[in-house]
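To keep things clear, I will list the structure first and then write my remarks on it.
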Amino acid sequence: MAKYGIEAFKDNKPVAYPIDAKETYGTLSFTGSEVRNKFIYIDDDGEVHEEQNAQNTWKAKDTGQPQDKYIMAYSSNIKDVMDIHVPIDFDVDSLEFDQEIELIGAVVTIGNAKKEQKVINRNGEQIRSVDCKTFPVQVEDVKVVDSKATSQPIQNQVKDEKPSKSKG
């Protein structure tokens, strides 16, 4: 597989590489979720296809059926919000905003994508689409880390100090 470079496939699917999520991403704080629905593509003759054609000309139609579910979390190591692919039956409602989470069974795969890049030439600024590699994270489950108990006494202590200062 090495002769094909960074992309490794087995049975026509990308190979998933296990990672230590805590070491790689640091502390993760939940920021939101997203469900992406399945689309079908209809050609000029009215035939239905599972994938878009190479020219990207077929009409896309949302089936209303969920295909993928993602949670977003801020990573203390990356210093940015990242998307994490979770199982479709994962209960997102059990998570609260800014709650610390731990990833269970985290793996990454290597994917191809396009990103927009600003290029300046003699005719001015242009936006070009360039090929890039992505490393999407998938997990088996997400565990909530209970860290609220340690921050509670500090808040109470600050509240107690304010009234004593105003009396003096």
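The values are calculated or read from the model by the stated rules, or taken from the named source; none is laboratory data. What you see is a predicted model, and the numbers here were worked out from it, not measured in a lab. Reconstructed Cβ throughout: ideal geometry from the backbone, glycine too, with neighbour counts over all protein chains shown. Only protein heavy atoms, including side chains, enter the accessible area calculation; ligands, DNA and RNA are left aside. Shrake-Rupley method; radii C 1.70, N 1.55, O 1.52, S 1.80 Å.
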Q. So which residues in region 92-115 are aliphatic (A, V, I, L, M), within 23 Å of C132 (Cβ to Cβ), out of contact with any helix residue (DSSP H, G or I) (no Cβ under 7 Å at 6 or more places or on another chain) and buried (at least 17 other Cβ atoms within 10 Å of the Cβ)?
A. V107, V108, I110
**Q.** Sole exception among (1) at pLDDT 90 or above; (2) over 18 Å from V142 (Cα atoms) for F9, by number
**A.** (1)
Q: Would you mention how many residues in region 25-60 are polar (S, T, N, Q) and under 26 Å from D93 (Cα atoms)?
A: 5
Q) Inside region 52-89, can you point out the residues that are of a type in the set (V, I, T) and more than 28 Å from T27 (Cα to Cα)? A) T57, T63
**Q.** Output for region 118-149, where each listed residue is among the β-branched types (V, I, T) and outside any strand (DSSP E or B)
**A.** V139, V145
Q: Tell me, yes or no, whether region 94-117 has at least one residue that is outside any strand (DSSP E or B), modelled with pLDDT under 90 and either among the aliphatic types (A, V, I, L, M) or at positive phi (or both).
A: yes
Q. Among (1) open to solvent by less than 70 Å² (accessible area, probe 1.4 Å); (2) part of a loop (DSSP other than H, G, I, E, B); (3) farther than 30 Å from D141 by Cβ, which single condition is D45 missing?
A. (1)
Q. Considering only region 56-91, how many residues are among the hydrophobic types (A, V, I, L, M, F, W, C) and open to solvent by 50 Å² or more (accessible area, probe 1.4 Å)?
A. 5
Q. Within region 126-136, can one find any residue that is open to solvent by less than 40 Å² (accessible area, probe 1.4 Å) and not β-branched (V, I, T)?
A. yes
Q.
Quick check on my filter: what residues within region 68-90 are outside any strand (DSSP E or B) and over 21 Å from G105 (Cβ atoms)?
A. K79
Q: Please give the number of the condition Q65 fails out of (1) assigned to a strand (DSSP E or B); (2) over 25 Å from I40 (Cα atoms); (3) at pLDDT 90 or above.
A: (2)
**Q.** Matching residues, region 15-26, being under 12 Å from I78 (Cβ atoms) and either open to solvent by 50 Å² or more (accessible area, probe 1.4 Å) or among the charged types (D, E, K, R) (or both)
**A.** T24
